[in-house]
Amino acid sequence: MKDLADRGVTARRADFADTDSLTEAFAGADRLLLISASVPVDERVAHHRRVIDAAVAAGVSLVAYTSTTHADTATTIIGATHGETEEYLRDGGIPSVLLRNGWYLENYTSQLPQILHNGAVVGAAEPGGRRRQSVSRPQRRSRRRAR
């Protein structure tokens, strides 16, 4: 963290499971970026709630949260945890911004042997075989125009 401090960045230690460390880390912060926890799924919402509660206690004025697409209607386990966190933010009365990110490319790295073997990314799709995309359509369009 010293290299960050040398560049003028204030870095503080916080632990999702330790409310006191969160409140201490958020003291004096105006805005907070909550990057969704990658802990076991059954602990994720509790960790997010502790962060949100600590942000409120510290007087943070805005929380931006890295959620997922369709979190409000998701039925998958991970999607539902994002939906619960979004609901907690809404009910908590703290202004928030929901960053509904799509699938991250690094989620495929554990599947690389199968992808290479099959010559394709295999997964569930709607009838007719929709393409899997990990970037938004506007990003794809702007990349096409740039070529």
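The values are calculated or read from the model by the stated rules, or taken from the named source; none is laboratory data. As the structure is a prediction and not an experimental result, all values here were calculated from the model. Every residue, glycine as well, gets a Cβ built from its backbone with ideal geometry; the counts of neighbours run over all protein chains shown. Protein only, heavy atoms only, side chains kept; ligands, DNA and RNA dropped before computing areas. Shrake-Rupley method; radii C 1.70, N 1.55, O 1.52, S 1.80 Å.
Values for this structure:
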item	result
Test: residue in the stretch 94-113 that is surrounded by 12 or more Cβ atoms within 10 Å (Cβ to Cβ), of a type in the set (Asp, Glu), at pLDDT 60 or above and closer than 20 Å to Val39 by Cβ	no
Single residue of Thr66, Thr75 found to be under 30 Å from Val121 (Cα atoms) and touching a strand residue (DSSP E or B) at 6+ places or on another chain (Cβ under 8 Å)	Thr66
The lone exception for Ala71 - which of (1) open to solvent by less than 30 Å² (accessible area, probe 1.4 Å); (2) in contact with a Lys or Arg (Cβ under 6 Å, 6 or more places away or on another chain) it fails	(2)
Selection from the stretch 1-19 of residues that are among the polar types (S, T, N, Q) and open to solvent by 90 Å² or more (accessible area, probe 1.4 Å)	Thr10
Filter result (crowded, with 16+ Cβ neighbours inside 10 Å and touching a residue at least 12 places away in the same chain (Cβ under 8 Å)) within the stretch 74-83	Thr81, His82, Gly83
Residue check, Ala37 modelled with pLDDT under 90, more than 21 Å from Thr23 (Cα to Cα) and either aromatic (Phe, Trp, Tyr) or open to solvent by less than 20 Å² (accessible area, probe 1.4 Å) (or both)	no
One residue from Ser67, Ser36 being touching a His at 6+ places or on another chain (Cβ under 9 Å) and in contact (Cβ under 8 Å) with a residue 40 or more places away in the chain	Ser36
